[in-house]
Amino acid sequence: MNFGTTEIILIVAVLFLLFGATRLPQLAKSLGQSRKAFKDGMREAEEEEKAEQSKLASPAAPQINQMSDDALAEEMRRRAEMKQV
């Protein structure tokens, strides 16, 4: 959606009529602060999600065919404990 100069001037004029010249800077400032807070919140949520995914990702599991019986039993116990947590 492209706005030309005429449309922008018309929008600004309507805003002046609705809110007045003294109220517009306050509205713009609060709008900017809200936008910044929203972006910060989204960034924090993304960081938390990445941290949670990296925490849940387990290290590469050893290949079963290369393990001895004792190591296999220990690995099965470890995986069972991970499921319980």
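Overview of results
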quantity	calculated
Failed item, numbered, when A28 is tested on (1) modelled with pLDDT under 85; (2) over 24 Å from the mean Cα position of the chain (by Cα); (3) among the small types (G, A, S); (4) assigned to a helix (DSSP H, G or I)	(1)
Residues satisfying the stated conditions in segment 66-85, i.e. loosely packed, with under 10 Cβ neighbours inside 10 Å and either of a type in the set (D, E) or in contact (Cβ under 8 Å) with a residue 60 or more places away in the chain (or both)	D69, D70, E81
Residue in segment 44-56 that is modelled with pLDDT under 90, part of a helix (DSSP H, G or I) and hydroxyl-bearing (S, T, Y) present	yes
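The values are calculated or read from the model by the stated rules, or taken from the named source; none is laboratory data. As the structure is a prediction and not an experimental result, all values here were calculated from the model. Because the Cβ atoms are built from the backbone with ideal geometry, glycine has one as well, and the counts that use them run over all protein chains shown.
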